[in-house]
There are 2 protein chains.
Amino acid sequence: MAELAIPMIGGSGLHSYSRNSTFQRKGVELATELINKGIAEKLDLSKFPSSNAFRVADLGCSVGPNTFLAVQNIVDSVELKYKSQGLADLLPEFQVFFNDHASNDFNQLFTTLPPERRYYATGVPGSFHDRLFPASSLHFVHSSFAAQWLSIIPKELLDKTSPAWNKGRIHYPNSAIEVRKSYEAQFYKDMQRFLHARAHEILHGGMMALVLPACPNGTPHSRVLLNKTTELLGLCLLDMAKRGIISEEKIDSFNHPQYNATFEQVEEIMDRNGCFSIEIMEALPLEKPSPMAFSSVLRAFLEPLIEKHFGPEILDELFDLLCKRFEDSFSIIDPEETNVSLFVLLQRKAI
Amino acid sequence: MAELAIPMIGGSGLHSYSRNSTFQRKGVELATELINKGIAEKLDLSKFPSSNAFRVADLGCSVGPNTFLAVQNIVDSVELKYKSQGLADLLPEFQVFFNDHASNDFNQLFTTLPPERRYYATGVPGSFHDRLFPASSLHFVHSSFAAQWLSIIPKELLDKTSPAWNKGRIHYPNSAIEVRKSYEAQFYKDMQRFLHARAHEILHGGMMALVLPACPNGTPHSRVLLNKTTELLGLCLLDMAKRGIISEEKIDSFNHPQYNATFEQVEEIMDRNGCFSIEIMEALPLEKPSPMAFSSVLRAFLEPLIEKHFGPEILDELFDLLCKRFEDSFSIIDPEETNVSLFVLLQRKAI
């Protein structure tokens with residue numbers, strides 16, 4: 001099956017990702033401090049073969065501005081490390097690789113690159129579940145709010161004869177256990193492919209920072225804020241089906257391709273791969289957004305997916321409905337507990 | 001002054017560059033044999049530091065398909081070299097950098113990459129007159145029908161008080177000597193910047209293949225086919241001015257930003273830079289295209305420039321007029337003598 005490759009909304013219009021990524025940016029800012037700490041304390045410059053270039057990749061970068069903030073921070077932090085170790089004379093040049101699906105709006109990304117950047121910018125089209133770079137060519141990889149996307153929808157979710165058929169729902173948190181297991185199994189496969197590819201590409205001693213929306217250990221999946229919102233989105237769609245605007249079959253055949261793993265699961269996946277040591281692993285508490293802002297954020301990253309499946313004509317009504325449902329529900333959601341991302345800083349082991 | 005950055009026509013429509021680049025493709029094919037010869041006979045693999053990656057860049061790549069043919073040939077040829085030298089076990093992975101201005105249609109480029117490619121593809125937005133890559137990071141650079149574009153229009157061409165004011169013309173071949181000297185000086189400056197940047201970026205022993213539309217030594221600039229065509233284009237514009245469709249001032253302030261150097265001048269520029277040895281330098285005789293085909297080719301690479309200066313409403317009429325003028329003139333043009341490109345294969349000296 002062809003890999004899913006649905007980009008965020010490109011350009012810079014009202015609903016574009018570039019204007020509606022503040023929710024993710026908060027995560028980037030919190031991760032920034034941990035990345036700086038990791039580079040200062042854990043990155044060993046002497047491990048790298050001498051080279052004129054320090055290569056950084058942001059995987060699943062979308063169109064900015066978050067990706068520009070993230071890579072600039074990494075460049076600043078590595079420069080500081082060289083200088084603080086008295087190695088200012090050996091300061092390398094930086095080459096930054098912005099990666100996303102080929103259908104991402106790279107034209108928008110390239111024409112909005114920060115003019116004052118101190119790195120050579122490149123774009124890399126393709127799925128990060130496969131190899132994207134030559135072996136041992138990257139020093140630092142960053143990926144924020146991207147690796148939770150599944151590469152495909154497991155086929156049993158669409159099979160009426162399967163116990164994992166996800167009738168009447170668009171996500172796993174309130175579905176039969178078989179549905180969640182199916183999502184989970186796909187996430188494990190995807191993450192193994194992701195880590196396998198990166199293990200080839202990252203130099204020994206190189207680092208990788210991942211930020212993932214996740215589910216704290218012990219919290220039911222259904223209480224995680226992002227899962228709650230997809231549940232509400234599903235209810236809005238059912239509402240529209242009842243009014244004859246869309247068919248129920250359309251809902252049965254739609255599944256939101258994102259899995260928010262538990263912290264334990266992420267750790268287990270890293271252990272299974274075995275090529276990386278976990279240097280830092282921390283929960284990032286996120287802000288509780290306003291219903292309006294959150295609805296816009298969700299639209300920026302879900303619209304292309306929903307438009308492809310349900311058609312463009314339902315979009316405005318659907319997201320208006322969602323905003324209203326958010327207003328009704330947000331007062332009873334505890335963001336401290338349920339709106340959490342996971343930050344992991346990994347180091348490529350020398351095996 | 002901001003650098004000129006006018007892309008070819010993107011997308012895949014009737015007038016797109018991707019459908020109208022056969023004129024350039026002929027040059028790519030002829031250059032292919034010379035590149036293969038150069039790699040087989042002149043590339044010394046032992047000069048490179050051991051690395052997992054062989055890095056190739058195509059500068060001024062536009063949107064394909066010519067760039068894909070060119071880089072695939074380089075990859076094939078280098079692979080053959082490794083194998084023929086019994087070094088198949090050391091065969092590196094290939095990383096290819098497709099460069100053009102940030103306003104180039106990279107979305108089109110990325111979504112049409114050959115699916116069976118055996119290299120990691122990346123896009124690099126920016127002017128090749130400046131640095132684009134870390135020092136000593138490229139093994140082979142290719143640039144075809146790109147370096148003849150000037151980075152800016154010299155300001156004296158637009159200055160009514162200057163002897164280089166190019167009144168009533170849009171190019172240099174039939175203008176006052178001061179006009180040609182002004183184009184020439186800008187080309188020298190631009191090529192020096194180009195070579196200076198590449199001298200930093202290309203590893204010692206690395207190679208660079210350039211294809212340029214050029215003027216054979218001893219041939220008057222006005223007889224070169226490409227110059228002839230810009231002259232005809234200028235006459236079409238004057239014709240439209242006489243009929244009141246555009247103003248004469250608009251023509252006075254438009255100058256086609258391309259200089260087709262003599263072979264001697266190219267050699268002199270390489271010598272002045274001093275960082276590269278000329279391994280192969282040959283004229284590429286090109287086919288004589290049909291008036292219709294040539295008009296389409298010209299439209300694909302001139303339309304954005306002309307549209308920006310004169311507005312979109314004149315385009316159809318202008319290129320219809322041009323096609324008619326081609327039909328009247330082509331029978332008396334000798335393509336053997338006048339439609340020539342220059343191929344140069346350079347090697348980065350170890351100084």
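The values are calculated or read from the model by the stated rules, or taken from the named source; none is laboratory data. Source: prediction; values computed, not measured. FYI the Cβ positions are ideal-geometry reconstructions off the backbone, even for glycines, and counts take in every protein chain you see. SASA here: full protein model, heavy atoms, side chains in, ligands and nucleic acids out. Shrake-Rupley method; radii C 1.70, N 1.55, O 1.52, S 1.80 Å.
Here are the numbers for this structure:
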quantity	calculated
Residue count for the range A:79-103, restricted to those that are within 19 Å of residue B:108 (Cβ to Cβ) and either more than 8 Å from every other protein chain (Cβ to nearest Cβ) or assigned to a helix (DSSP H, G or I) (or both)	4
Per-region count, the range B:110-119, residues open to solvent by 40 Å² or more (accessible area, probe 1.4 Å) and facing chain A (nearest Cβ under 7 Å)	1
Any hit, the range B:250-259, residues being more than 23 Å from residue B:172 (Cα to Cα) and modelled with pLDDT of 90 or more	no
Subset of the range B:121-144 that is within 7 Å of another protein chain (Cβ to nearest Cβ) and in contact (Cβ under 8 Å) with a residue 60 or more places away in the chain - its residue that is surrounded by the fewest Cβ atoms within 10 Å (Cβ to Cβ)	B:135
Residue A:53, sole failed condition from (1) within 7 Å of chain B (Cβ to nearest Cβ); (2) within 23 Å of residue B:108 (Cα to Cα)	(2)
From the options A:166, A:107, A:66, residue that is buried (at least 20 other Cβ atoms within 10 Å of the Cβ), over 19 Å from the mean Cα position of the chain (by Cα) and away from chain B (no Cβ under 13 Å)	A:166
Conditions (1) open to solvent by 30 Å² or more (accessible area, probe 1.4 Å); (2) more than 12 Å from chain A (Cβ to nearest Cβ); (3) of a type in the set (Gly, Ala, Ser); number of the one not met by residue B:147	(1)
Matching option when the condition is at pLDDT below 95 and open to solvent by less than 30 Å² (accessible area, probe 1.4 Å), among B:13, B:27	B:27
Selection from the range B:83-104 of residues that are more than 17 Å from the chain's Cα centre (by Cα) and buried (at least 23 other Cβ atoms within 10 Å of the Cβ)	B:94, B:95, B:96
Residue list for the range B:220-229, filter: open to solvent by 20 Å² or more (accessible area, probe 1.4 Å) and under 16 Å from residue B:177 (Cα atoms)	B:220, B:221, B:222, B:223
Residues of the range A:150-163 classified as open to solvent by 50 Å² or more (accessible area, probe 1.4 Å), assigned to a loop (DSSP other than H, G, I, E, B) and touching a residue at least 12 places away in the same chain (Cβ under 8 Å), total	1
